[in-house]
Amino acid sequence: MSDEPDAIDAVVDAWARERPDLDLSAIGLVGRFGRLVMLLGPAQERVFTEFGLRPGEFDVLATLRRSGPPYTLMPSQLAQTLMLSRAGMTNRLDRLESAGFVRRELDPADRRSFRVQLTDSGYETVDAAMTAHTANVTELVSALDPAARADLDAHLRALLRALS
C-alpha cells in the first residue's frame, strides 16, 4: 500500500489551508470513491464492448443467466432486480432480442404478459463475457492483497447498508 500523496490529497490539503476549522477526512475518502467510479466504469465497459454489449445489456443477460434453468424471467422481475423503469427495460430487451440474445414468449399462465428467455447465443455470450469480466475486475483490484480486498469489501458493505 502506498502512502504517497495523490491528486485527492492536494485538494484536501488546499481546503485544509483555507478552512482549518473543517474535518476534511471524509472529503478525501468520497473524492477517491468518485475517482474510482470514473476509472472503473470505462475499464469494465471495454470488456462488455468486446462481446457487443452495453453494460445495461450485460446486466440483463447476467440476471437471466444467474436465475438458473430455464433462464427465464418476467420483464417486471428483471426491471425490479435491475432497478429500471419498464420503459428502460423494454428498450434493453428490444436490443437484446434483435441481437438474438433473448426471446420473448407469451406467458402460458397469463396471455396478457410474456416471459424473457436467454437464447443459446445469449447464454454463450454472457458466459464468455462473465469470464472476461471476472478476470478484468480481478486485475483492476490486484493492487490490493486478498486480505485488504476482504477488509475493504466489509467496510463498503457496512457503508452501503448505512446509506440504504
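What follows is calculated from the coordinates using simple rules that are stated; it is not laboratory data. These numbers were taken from a predicted model, which means no experiment stands behind them. So basically every Cβ, Gly included, is an ideal-geometry build from the backbone, and we count neighbours across all protein chains shown.
Spacing of the modelled spin labels on A158 and R66, each 7 Å from Cα toward Cβ, amounts to 2.4 nm. What shape does the stretch 108-153 have by the C-alpha gyration tensor, where a ≥ b ≥ c are the square roots of the eigenvalues, rounded means a/c under 1.5, and otherwise prolate means a/b greater than b/c and oblate the rest? Verdict is oblate for the stretch 108-153. Measuring nothing but how far apart in sequence close Cα pairs (under 8 Å, 6+ apart) lie, relative to its length, the chain scores a relative contact order of 20 percent.
Selection among S25, A148, F114 by position relative to the dipole of the chain gives F114 as farthest towards the positive end (Cβ unit charges, Cα centre). Here the label points at A150 and A87, each 7 Å from Cα along the C-beta direction, are separated by 4.7 nm in the simple model.
The share of alpha-carbon pairs in the stretch 25-71 lying farther apart than 17 Å comes to 53%. A simple charge model with +1 on the Cβ of Lys and Arg, -1 on the Cβ of Asp and Glu and nothing else charged puts the dipole of the stretch 21-96 at about 280 debye relative to its Cα centre. Of the Cα atoms belonging to the stretch 60-164, the radius of gyration and Dmax stand at 17.2, 52 Å. Long hydrophobic helices in the chain, taken as whole DSSP H segments with a C-alpha length of 20 Å or more on their own axis and mean Kyte-Doolittle hydropathy at least -1.0: 25-50, 120-140, 146-163. Between D127 and R54, the simple label model (points 7 Å from Cα in the Cβ direction) yields a spacing of 2.7 nm.
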